[in-house]
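Here is the structure we will look at.
The values are calculated or read from the model by the stated rules, or taken from the named source; none is laboratory data. Because the structure is predicted, anything quoted here is derived from the model rather than measured. Cβ placement follows ideal geometry from the backbone for every residue including glycine, while neighbour counts extend to all protein chains displayed. Remember, those area values only see protein heavy atoms, side chains included, never the ligands or the DNA or RNA. Shrake-Rupley method; radii C 1.70, N 1.55, O 1.52, S 1.80 Å.
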Amino acid sequence: MDRPYDPKATEAKWQERWERDGLYRTPDRSDRPKFYFLTMYPYPSGDLHIGHWYAMAPSDAAARYRRMRGYNVLFPIGFDAFGLPAENAAIKHGIHPKTWTLQNIDRMRRQLRSMGAMFDWSREIVTCEPEYYKWNQWFFLKFYEAGLAYRALAPVDWCPNCNTTLAREQVVGADRRCERCDTAVIKKDLEQWFFRITKYADELLDFSGIDWPERIVTMQRNWIGRSEGAQVTFIAHAPDGSSHRLEVFTTRPDTLWGATFMVLAPEHPLVPVLTAPERRAEVEAYAYQARRQSEIDRLSTEREKTGVFLGSYATNPANGERIPIWVADYVLMGYGTGAIMGVPAHDQRDFEFARRYGLPTPVVIQPPGGTLPEPLPAAYDGPGRMVNSGPLDGTPVPEGIPQVIRWLEETGRGRRAVNYRLRDWLISRQRYWGTPIPIVYCERCGTVPVPYEELPVLLPEDVDFMPTGESPLKYHEGFRRTRCPRCQGPAERETDTMDTFVDSSWYQYRYITPHHQEGPFGSEEVHYWCPVDQYTGGAEHAVMHLLYTRFFTKALADLGLLRFREPMLRLFNQGVILGEDGERMSKSRGNVADPDEQVAKYGADVVRAYLMFMRPWDEGGPWSSRDIEGVARFLRRVWDLVTAPPPPPQEVPEDEALELRRRTHRTVRKVTEDFERFGFNTAIAALMEFANHLVRVRQTLAGSAAWEEAVRALVLMLAPVTPHLAEELWERLGGPYSVHTQPWPTYDPELARAPDVTLVVQVDGRVRDRLTVPADLPEAEARALALASPRVRQHLDGRVVRDVVYVPGKVLNIVLEPTPAEAKG
RNA sequence: GCGGGCGUGGCGGAACGGUAGACGCGCGGGACUUAGGAUCCCGUGGGUUCGUCCCGUGGGGGUUCGAAUCCCUCCGCCCGCACCA
């Protein structure tokens with residue numbers, strides 16, 4: 001026997017053989033049903049860390065399982081190669097981003113191969129290659145033609161550390177930090193390119209066709225933030241005597257009669273118009289202050305509300321009352337219309353504002369069966385009936401909303417409206433290492449798209465990419481200066497590059513035909529493989545990548561390029577793997593588990609199996625250098641089981657052989673079910689239990705048919721988890737190459753069902769005895785057996801049996817009449 | 001504040017409303033060894049009158065023949081959003 005198992009030599013041997021044989025090359029068509037299994041591609045940061053393994057190794061096992069289940073499985077890999085870290089590393093170390101990126105990719109390719117995954121490397125994509133990013137530009141032009149890409153001057157989020165604008169999704173927290181570097185962002189007014197994702201807001205709220213984790217669905221829903229209500233027109237009277245329509249959005253039109261003031265955001269265009277001359281200085285000072293405030297940490301959302309009276313008034317369209325107009329920074333220009341009606345009695349924010357500035361707070365909703373106290377201690381937003389609301393007095397609250405809306409529409413004072421929190425996707429970046437935006441600005445012709453035949457607009461390499469706060473390409477004369485495609489006159493190129501999330505919005509389609517020249521992908525092939533059947537990756541992309549790629553797919557469908565509207569049918573988020581101390585892994589904490597080291601110590605199979613066994617995959621958790629030993633021990637035991645010299649031939653005890661067969665089929669059933677739901681930890685636990693049993697019966701059963709069946713099943717079920725070990729053992733068992741193209745073992749449900757079960761006998765719900773009985777024992781017999789049990793009789797004690805609950809194969813519960821004492825108590 | 005998730009031995013965790021603690025780690029005992037941090041066997045929630053019964057799944061209450069599981073409530077932790085009108 002070969003002992004001990006030598007993972008290093010074995011893993012290298014098989015990886016080479018698989019590579020040579022093209023074992024993982026995916027055929028473009030097949031009689032088998034297709035299954036597109038996709039795991040999020042990595043950013044080539046330099047080293048493959050354990051988090052990559054945690055995302056990819058179980059995905060690989062699941063993909064291998066699918067393949068053994070008879071599917072034509074596509075499991076591709078590539079690199080998300082554009083992005084800031086390359087540029088930052090380049091600035092720091094004086095190495096070109098491209099060199100840095102490609103070196104890292106080389107290194108990571110080697111590391112990824114050490115995992116022994118079934119990636120089809122022939123389909124690899126690298127997004128910083130012109131062959132890839134050309135199609136980002138192509139999509140941009142298509143979007144531009146369709147009105148889905150537009151340029152606008154807008155107050156945008158700017159990260160002073162990354163020196164670029166960010167999409168709204170890339171600004172996190174109440175203190176508005178950069179998602180990448182945690183720096184507090186500031187506002188700037190810039191002309192930027194946007195993708196019109198808001199056009200799809202409603203469709204993006206529809207998750208009916210896809211099976212995604214509740215968590216992600218909820219986050220996307222909240223992010224899109226749909227609210228229904230009304231847009232109401234107030235007439236504002238400027239100090240110069242002119243009148244202006246002042247639009248507000250409200251989700252509570254039923255409280256319109258309670259609006260006693262209006263508030264504009266400091267950036268609202270009507271602020272200067274509506275400011276009285278004598279208040280101008282104060283208003284301007286406030287607006288300036290508010291502007292600065294958004295540049296400083298606006299940490300506290302609980303801070304007191306502040307504002308300034310403009311000195312002008314508007315008319316409440318409901319009751320004709322004259323109400324003052326204020327400016328306050330608790331109203332945001334970026335949501336709704338940037339103006340609100342203040343209903344202090346029924347909105348907590350308005351209430352606080354009114355209290356501070358002594359504005360009246362008339363009640364227009366009274367709670368059921370009561371009146372609100374005077375003075376009001378807080379805003380009331382519960383149920384009730386409308387009061388002081390003219391014709392609608394007495395209307396109960398939920399019904400009041402549509403009635404007021406109808407009234408507004410009939411009188412031309414407003415209309416039903418829907419508002420979203422979602423903003424259009426800002427894709428311009430003032431950085432070098434990204435896809436150039438294919439637009440030319442011509443003095444005569446204006447904004448001119450680069451013609452398709454001139455794509456790709458190549459990213460020049462000889463660029464000084466030191467961050468200046470402006471696009472590095474702006475200082476590259478050869479790039480910037482160009483000719484107008486329309487009039488051939490002198491023109492300038494757009495020098496911003498695209499958000500790298502554009503790259504990842506459609507990469508799943510590029511894998512299908514990675515070198516396609518005539519378009520972004522071959523339509524026939526994409527419609528064979530797509531949509532993705534199973535996607536796996538981290539939850540941190542919930543409202544970025546995962547939202548953008550849904551938008552992209554819908555947009556491409558509307559452009560006639562795709563015949564489906566969701567990119568990924570099923571999504572699974574693995575958890576986060578932590579250091580041994582339970583903290584996030586980081587070099588500075590020194591709690592990093594390095595996969596290369598672990599592979600050198602245990603071999604890839606042990607690392608894979610440990611990561612899958614450790615905890616439920618969606619929960620993640622701390623790495624344990626102790627627990628991995630247990631997995632190593634398990635695999636050694638399996639090795640010995642198969643390779644140890646067989647015991648001398650002997651008579652096979654039939655009952656033990658049958659019991660082994662039953663266990664085999666039961667284990668196949670359990671492991672199959674667990675693989676289906678990604679319950680890898682329990683699948684491996686079942687395999688351990690099975691292997692332990694095999695160790696116990698080896699002396700008596702080795703060599704028997706039941707034994708052969710068991711060992712083969714064990715090796716086949718291990719194949720997705722520990723591909724190298726399984727291949728080696730399979731060969732030693734005399735199985736045909738390769739174990740990975742063998743069918744997954746099947747089970748006989750009859751055999752898998754245990755013939756004898758432990759029937760739990762309870763008295764009043766407490767376990768009193770356990771009987772081994774046939775699974776299908778009739779109730780009468782079960783009852784007789786239970787009542788015959790001395791342990792049970794002891795508890796009956798002559799008392800009256802009121803009821804017997806029998807669940808065959810599980811439990812028999814004898815319910816007694818309560819004793820007088822119990823009955824009283 | 002709103003939304004989502006979670007709370008089980010010394011530890012990681014199992015458990016269609018039906019034997020709580022599978023599997024693994026650790027620990028205790030033993031075997032084999034020159035030796036072992038290798039391997040194998042036995043034990044391992046707490047209490048106990050120990051071939052017994054009692055108590056145990058964050059606390060309290062409820063539904064049920066039966067609750068870790070369902071409902072209510074409180075406490076604690078994690079994640080997301082956050083002045084969104």
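Hey, can you tell me all the residues within the stretch A:690-703 that are more than 15 Å from residue A:609 (Cα to Cα) and either within 8 Å of RNA strand B (Cβ to nearest atom) or open to solvent by less than 10 Å² (accessible area, probe 1.4 Å) (or both)?
Our first condition is that a residue be more than 15 Å from residue A:609 (Cα to Cα); within the stretch A:690-703, this holds for A:690, A:692-703.
Selection gives A:690, A:692, A:694, A:695, A:696, A:701.
Quick one: what pairs do we get from the stretch A:738-752, first residue touching a residue at least 24 places away in the same chain (Cβ under 8 Å) and open to solvent by 20 Å² or more (accessible area, probe 1.4 Å), second aromatic (Phe, Trp, Tyr) and assigned to a helix (DSSP H, G or I), C-beta under 9 Å, 6+ apart or different chains?
A:742/A:730
Which residues, taken from the stretch A:329-354, are surrounded by fewer than 22 Cβ atoms within 10 Å (Cβ to Cβ) and more than 6 Å from RNA strand B (Cβ to nearest atom)?
Those that are surrounded by fewer than 22 Cβ atoms within 10 Å (Cβ to Cβ) and more than 6 Å from RNA strand B (Cβ to nearest atom): A:333, A:334, A:337, A:348, A:352.
Going through A:372, A:376, A:359 one at a time, which residue ends up being assigned to a loop (DSSP other than H, G, I, E, B), free of Cβ contacts under 8 Å to residues at least 60 places away in the same chain and touching a Ser or Thr at 6+ places or on another chain (Cβ under 7 Å)?
From the options A:372, A:376, A:359, the qualifying one is A:376.
Those residues that are more than 15 Å from RNA strand B (Cβ to nearest atom), open to solvent by 80 Å² or more (accessible area, probe 1.4 Å) and among the charged types (D, E, K, R), I need them from the stretch A:626-671; list them, please.
A:651, A:654, A:655, A:661
Mind checking whether some residue in the stretch A:151-163 is within 14 Å of RNA strand B (Cβ to nearest atom) and within 25 Å of residue A:139 (Cα to Cα)?
Yes, there is a match, as at least one residue in the stretch A:151-163 is within 14 Å of RNA strand B (Cβ to nearest atom) and within 25 Å of residue A:139 (Cα to Cα).
Restricting the search to the stretch A:792-815, which residues are open to solvent by 80 Å² or more (accessible area, probe 1.4 Å) and within 13 Å of residue A:759 (Cβ to Cβ)?
Passing the criteria: only A:810.
Among residues belonging to the stretch A:569-614 that are within 11 Å of RNA strand B (Cβ to nearest atom), touching a residue at least 24 places away in the same chain (Cβ under 8 Å) and over 23 Å from residue A:114 (Cα atoms), point out the one that is most open to solvent (accessible area, probe 1.4 Å).
Within the stretch A:569-614, the match that is most open to solvent (accessible area, probe 1.4 Å) is A:580.
So in the stretch A:168-189, with the set limited to residues that are in contact (Cβ under 8 Å) with a residue 60 or more places away in the chain and away from RNA strand B (no atom under 12 Å from the Cβ), which one is surrounded by the fewest Cβ atoms within 10 Å (Cβ to Cβ)? Spell out the reasoning first.
Taking the stretch A:168-189 first, the residues in contact (Cβ under 8 Å) with a residue 60 or more places away in the chain are A:168-170, A:174-176, A:179-180, A:184, A:186-187.
Filter again for away from RNA strand B (no atom under 12 Å from the Cβ), leaving A:180, A:184, A:186-187.
Values: A:180: 17, A:184: 19, A:186: 15, A:187: 17.
Result: A:186.
When you scan the stretch A:212-225, do you find a residue that is open to solvent by 60 Å² or more (accessible area, probe 1.4 Å), closer than 30 Å to residue A:277 by Cα and among the hydrophobic types (A, V, I, L, M, F, W, C), even just one?
no
Just the residues that are more than 40 Å from the chain's Cα centre (by Cα), among the hydrophobic types (A, V, I, L, M, F, W, C) and more than 11 Å from RNA strand B (Cβ to nearest atom), please, taken from the stretch A:235-262. Full working, then the answer.
Filtering the stretch A:235-262 for residues more than 40 Å from the chain's Cα centre (by Cα) gives A:235-245, A:257-261.
From what's left, among the hydrophobic types (A, V, I, L, M, F, W, C): A:235-236, A:238, A:257, A:259, A:261.
Result: A:235, A:236, A:238, A:257, A:261.
Conditions tested, residue by residue: (1) in contact (Cβ under 8 Å) with a residue 40 or more places away in the chain; (2) within 13 Å of RNA strand B (Cβ to nearest atom).
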{"position": "A:754", "(1), (2)": "yes, yes"}
{"position": "A:763", "(1), (2)": "yes, yes"}
{"position": "A:771", "(1), (2)": "no, yes"}
{"position": "A:774", "(1), (2)": "no, no"}
{"position": "A:778", "(1), (2)": "no, no"}
{"position": "A:785", "(1), (2)": "no, no"}
{"position": "A:799", "(1), (2)": "no, no"}
{"position": "A:814", "(1), (2)": "yes, yes"}
